[in-house]
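Structure record follows, encoded as structure tokens.
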Amino acid sequence: MRLTFERKIILVALVLTLTVAFSVKAQNNNKGVYIVNANSKVPLQDVSMQCIDASFNAITDDNGFIDLKSLPATAKKVFISCIGYKSDTVEISTLTFLNNTAIINLTPKVSSLQEIKVIASATKGIFKTISDLDIHLRPINNSQEVLRMVPGLFIGQHAGGGKAEQIFLRGFDLDHGTDINISVDGMPVNMVSHAHGQGYADLHFVIPELIDKVNFNKGPYYADKGNFTTAGFVEFRTKDYLENNFIKLEGGQFGTFRGITGINLLKPKGDRRNQSLYFAGEGSFTKGYFESPQNFSRFNGMLKYHGNLNSNNTLTAILTGFTSKWNASGQIPDRAVESGLVGFYGAIDNTEGGKTSRHNANVELQTKLSNGGILRNQIYYSRYKFELYSNFTFYKEDPVNGDQIRQKESRNIIGYNGSYQKEFYIGKIKTETKTGVQVRYDAVDNIELTRTKDRIINTAALMLGDVTELNAGTYYSQRFSFSKKLDITGALRADYFSNRYNDKLASNILTANSTIISPKLNFNYRVNDKIQLYLYNGRGFHSNDTRVAVQENGKKVLPPAYGTDLGAVFKIGKKLILQSALWYLWLDQEFVYVGDEGVVEAGGQTRRIGFDFSARYEVAKNLFADVDVSLANPRALGVDKADSYLPLAPRFTSVGGLTYRKEQGWNGSLRYRFMDNRPANEDNSVIAKGYFIVDAAINYTKKKWEAGLSIQNLLNTKWKETQFYTESQLKTETAPVSEIHFTPGTPFFARLSFTVFF
């Protein structure tokens, strides 16, 4: 990477900020307790501790710690609970304090909805309870399953497995991430000004077995979430500690093999693990179910340290590496299958495919200050490469050589996240301040769009240049708890963008600057332990590609989105939890840079109205049922009603299933996913057909090993995973034809796995 003066200034600023953070000294001699897993001695996050009369209520931090400074002197007992662990009542007098700290052990168990209390707040989010339940109960079999943890979110693959999935949520066809903010361990996944499309979010560098938490919410209501947060956000947290070393092997149909290992590099000591260093590696290969072999290979590696530097400073450092390559059958037109030119799993251009890699360095320091506040400083760096060969129109543009294109880029990302959080009282009103600064700088070299033949012959250069994009954001939020029932949070976020494009084909350099202010106002009303009402309001935005921003001279390249959610979380009886919401979202502009063609599509103003519903039910001991339903009415504004449909935007989706879960012995799940028919064009005259797919998994678990069988598409349904209404021309045709082009979904696909713990 060429370090220009601007880049040097940013890099020095980030290093100095972290250096200052390391030098912060904080003293805190108040009594506190650490809550740990009784078996592994791993600290437990998000454990609830409260007095019987609710005069004290606290949650463990990232190190499993709770400060007891506000515990009433008259308190004799506290009740402790956490999803996935046996609840306990502890007498304060029985605790042994050494250096003002004591340790409480919680025993792991399968979650029971009888123990769950409804918790929803502006800080923890309205889906907190459902998210924790799902991550404990539902198995994650592969990287794709990672995103499916979000209720109502659908994904589709249409380029051989190596390309990022297409995402659908809340009446959006999000392409690869235009309107959903995705992060892993605080590091952004979305790629701005990407060679293939704005917001491109490739999660294949995440090893699913290492996921510890999935935090998600819908809508533009959260001040610490900036670009792309219109439909919502998803943030993943990897494990700070490995409870066991493990080796896992998988094998299945279509020449599928996968191996993964996780190894603790520090030996656990004492009755609380205060530091961890582990390595994990993954390798996978599959020929795929297409007639033209996919030959998809992927390799992942991760090294993570998490530990206490002292009683007030915690350091987390992560190094990851990812690389993959694949061939792809691409999208095929209906007429080619109907005429017998290709099979349902065939290809028109079997030289499609690509390769990509991403290497990350991520360091975060968390500091407890003497005033009770929490300071976080994080810097990250990513080195990213991408090369993709596609052919969407076959011989429409070039009847001789074909329309294959290469999209390629080489990118460096430098970023900083800093935040300060503190709870205190204004009179008798409990309040919390959260403020932060976020800086991200992308330098993309030789971002290109080139017409090619058989990957190796260049036939036309369409776009080539260098992109630099700086996004600096700051936010401030204040939560007021006016009573034990009502809290109100007001927040404000400001973002600044600086865009620069060096067009190497036109020998021209263009720049643009733009800003946007995003206010938020959220209400939570806790009727009791079983009913929570909420009203969330906010403004968000998605940025556009730098190559568009500079053409528009910075005007209207940060279109705002306005959203409102009115909903509730209920616990009915002892074994049923419901969440529902009526929502509204208005976008000022849905224009998006279309990387496949090098043009801009301005969609104009749009609005979406919808209803979300989620239920989690404990049918019997160890048997759980869940269902998520999403209804949406997405429409374009300012056009005739008959032409106001948003192509490929989902209108009705549902996922659900049954899960049988025990600590040892047999475990299993049976799940479905349903997407209804969708409009494929603006007047709804062409339909993208829906599908209903059933998946299954069964495992037998012992303390030292686990064997499993997973099946995708149990009923062997023939279905179209992704669909597009496209104009294309086959080699034998004299004129283009517009119709549905699709990528077939997986047929019946079984895999066996065996894991050893040690």
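Values in this text are rule-based calculations from the coordinates and carry no lab data. As the structure is a prediction and not an experimental result, all values here were calculated from the model. Cβ sites come from the backbone with ideal geometry, for glycine too, and all protein chains shown count toward neighbours.
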All lysines inside 18 Å of K76 as judged from Cα atoms, apart from same-chain residues fewer than 8 positions distant: K31
Gain on full stretching of the segment that runs from L249 to K385 - 0.36 nm per residue minus C-alpha separation: 46.1 nm
Could you rank the peptides 744-756, 650-662 by their average count of other C-beta atoms within 10 Å per residue, with the highest value first? 650-662, 744-756
In nm, the gap between the two label points placed 7 Å beyond Cα toward Cβ at D53 and R335 is 8.0
If you count the DSSP beta bridges with both ends in the chain, what percent of them are antiparallel, to the nearest 5? 95
When the dipole is taken about the Cα centre of region 195-757, and only Lys, Arg (+1) and Asp, Glu (-1) are charged at their Cβ, what size is it in debye, to the nearest 20? 2820
Beyond a 25 Å Cα-Cα separation, which of these cross-linked pairs lie in this structure: K213/K434; K641/K689; K163/K703; K109/K574; K218/K355; K239/K662? K163/K703; K218/K355
Run the reach check for K77 against aspartates and glutamates, Cα to Cα strictly under 20 Å, same-chain hits fewer than 8 apart removed. What comes back? D46, D53, D67, D88, E91, E115, D529
Integer Hz, Karplus 6.51/-1.76/1.60 couplings in order for region 707-714, x for Gly and Pro: 10, x, 9, 10, 10, 9, 6, 4
Taking a crude spin-label model, label points 7 Å out from Cα along the C-beta direction, the T717 to D529 distance in nm is 4.0
Can you list the residues, at least 5 places off or on another chain, whose amide H is less than 5 Å from the amide H of L68, using H built in the peptide plane? K31, G32, V33
For S112, S382, ascending order of other Cβ atoms within 10 Å (fewest first) is S112, S382
Most exposed first, judged by fewest Cβ atoms within 10 angstrom, H306, H542 run H306, H542
Angle between the chain longest axis and helix 5-23 axis [Cα atoms, degrees, rounded to 10]: 20
Rg/Rh of region 223-308 (Cα atoms, Kirkwood Rh), to two decimals, equals 1.13
Along the Cα-to-C-beta direction of Y700, a point sits 7 Å from the Cα; which residues of region 221-250 have their amide N less than 18 Å from that point? 249-250
Here the net charge surrounding K703, from other residues whose Cβ is less than 15 Å away from its Cβ (Lys, Arg +1; Asp, Glu -1), is +1
Report, to the nearest 10°, how far helix 128-137 tilts away from the longest principal axis of the Cα atoms in the chain, using its own Cα long axis and a range of 0 to 90°. 80
Option label - Kirkwood radius over Cα pairs in Å computed here, alternatives (i) 33.0; (ii) 27.2; (iii) 30.8: (ii)
Aspartates and glutamates near K731 by alpha-carbon distance under 13 Å, same-chain residues fewer than 8 away left out - which ones? D349, E397, D398, D403
In order through region 102-108: 3J(HN,Hα) via Karplus (6.51 cos²θ - 1.76 cosθ + 1.60), integer Hz, x for Gly, Pro: 10, 10, 10, 9, 10, 8, x
Fewest-first ordering of K304, K109 by Cβ atoms within 10 Å yields K109, K304
Got the relative contact order for the chain handy, in percent, Cα pairs under 8 Å and 6 or more residues apart? 11
Here the averaged projected area of region 31-109, based on the convex hull of its alpha-carbon atoms and given in nm², is 4.8
What ³J(HN,Hα) values, in whole Hz, does the Karplus curve 6.51 cos²θ - 1.76 cosθ + 1.60 give for region 338-346 when θ = phi - 60°, with x put for Gly and Pro? 5, 7, x, 4, 9, x, 4, 10, x
Long-range amide H partners of K86, meaning residues 5 or more apart or on another chain whose placed amide H is closer than 5 Å, are T107, K109
